[in-house]
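The values are calculated or read from the model by the stated rules, or taken from the named source; none is laboratory data. Note that the structure is predicted; figures quoted are calculated from it, not measured. Neighbour counts run over all protein chains shown; Cβ positions are idealised from the backbone, glycine included.
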Amino acid sequence: MEHASEIRSIPVDLITVLNPRVRNKRIFQELVDSIAHLGLKKPITVSQRPGKTRYDLVCGQGRLEAFVALGQAEIPAMVIDATEEDCYVMSLVENLARRMHNPLELIQAVGDLKKRGYSHSEIAAKVDFTVEYVIAICFLLDNGEEKLIAAVERGIMPHTIAIEIARAKDRDVQRALAQAYEDKALPGKQVLAIRQIIEQRNNSGKQIHKLGSRASRSHRPVTSEGLIRAYQRETERQKLLIKRATLARSRLLFVSNAMRRLLADEHFVAVLKAEGLNTLPRALAERIDQGPRG
């Protein structure tokens, strides 16, 4: 861990960048011009390797590369006492703290910390994200695709929706759901509903390509339009089932209420006994015994 620090002038060729990243050329050139005209405003931070003359860079890759571009042999650096592991982690955190970071760089940094054995809560504490967000990012790294991850970071899609999409095992379905959501053709609840429909069909052994078209034999790729049509068909089917169930319930209520009134009539009961009709179906008898229902 970090213990103490001092500022020294360090040869640039003795510094190793543990966590290199690609820079925007225009922004980098602005940094070079600023250092050339105004000098270095803030020293870089490094840690010296035990027993060696080399140093690991903690933060300041842009400033270091600017000095190299300007032909400078040495650069002012704050030297801290830290392990190589700590240097790497501090470099990742420093990159995450930058205002103009690349979304996929941020995602990858979280993934790197997880690969190094840090728990979700430890990562969250280091990068100042919520634990739920870190868990979502790690899940997407394991199960999602770059487009899905980037959509979360651009604010196009909540991470909760992205996770639901990533849980679809078929990558074509993932892409189709993501596209439909980004196009605002599907609200979040419908994304979950469609994924559940897909899982039900897969569990029943039906081909996923039947969702998008009746011409399943041609194995057409799954599209967002096809998924929406599948959802609409499934919605209509469920509405019809509800309608039939409501009608059946109304008929059962009518029959049970009518039978309850008839059984209250002694003459009707006598006729039933004379005909040998002494019992009722159990379900109907139970409803009659429970009393009137609305």
Scanning the stretch 113-136 for residues that are buried (at least 17 other Cβ atoms within 10 Å of the Cβ) and modelled with pLDDT under 80, which turns out farthest from Ala176 (Cα to Cα)?
Lys126
From the option list Leu284, Leu272, Leu211, single residue qualifying as surrounded by 10 or more Cβ atoms within 10 Å (Cβ to Cβ), at pLDDT below 85 and under 22 Å from Glu164 (Cβ atoms) is Leu211
From Arg217, Arg249, residue being part of a helix (DSSP H, G or I) and modelled with pLDDT of 65 or more
Arg249
So, Leu277, is that one in a loop (DSSP other than H, G, I, E, B), of a type outside the set (Lys, Arg) and more than 51 Å from the chain's Cα centre (by Cα) or not?
yes
Restricting to the stretch 13-29, name every residue that is closer than 17 Å to Ala69 by Cβ and touching a Phe, Trp or Tyr at 6+ places or on another chain (Cβ under 6 Å).
Ile15
Does the stretch 258-268 contain any residue that is surrounded by 14 or more Cβ atoms within 10 Å (Cβ to Cβ), within 18 Å of Ile165 (Cβ to Cβ) and at pLDDT 65 or above?
no
